[in-house]
1. Report the residues of the stretch 61-75 in range of a label on Thr55: point 7 Å along Cα→C-beta, backbone N strictly under 17 Å from it.
2. Using θ = phi - 60° and the Karplus relation 6.51 cos²θ - 1.76 cosθ + 1.60, list the HN-Hα couplings for the stretch 33-50 in order, rounded to whole Hz, with x at every Gly or Pro.
3. How big is D, in µm² s⁻¹, for the stretch 10-71 by Stokes-Einstein at 20 °C and 1.002 mPa s if Rh is the Kirkwood radius over C-alpha pairs?
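What follows draws every value from the coordinates through simple rules; no lab data is involved. From a predicted model like this one, the values you see are computed outputs, not experimental measurements. A quick note on method: Cβ atoms are made from the backbone with ideal geometry, for glycine too, and the neighbour counts reach across all protein chains shown.
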Amino acid sequence: MPPEPPTPETRKPTPRQSVQRKVGRQGEVTVIGMHFYIGTNHAGEQIHVLYDDGTIMFFDARGTEIISHPRPPKGTVYIGPQRHGQATVHEVLRHELSTIS
């Protein structure tokens, strides 16, 4: 009987991290060593950031999504403006909890 083929190692995804950041005068925040443009309309606001190996998401004080990005590759310094659909931080966390149970 031939030997079983080796099972490839699978890496567990990093759990989602959560931080608070204040948006600078120019509309930018720094997270994971990268500068993200959030918008000058959010300058001075405290925002909530969720990130993991695949995604980084920014939410305002009410929990409404400002913007999300695929997590940039290492070495990226700046991420400029983009437009995406909106979700609330509560919806994102509720979805994560439902996939855990």
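1. 63-73
2. Coupling constants for the stretch 33-50: x, 10, 9, 10, 7, 9, x, 5, 5, 9, 3, x, 7, 8, 10, 9, 10, 10 Hz.
3. 180
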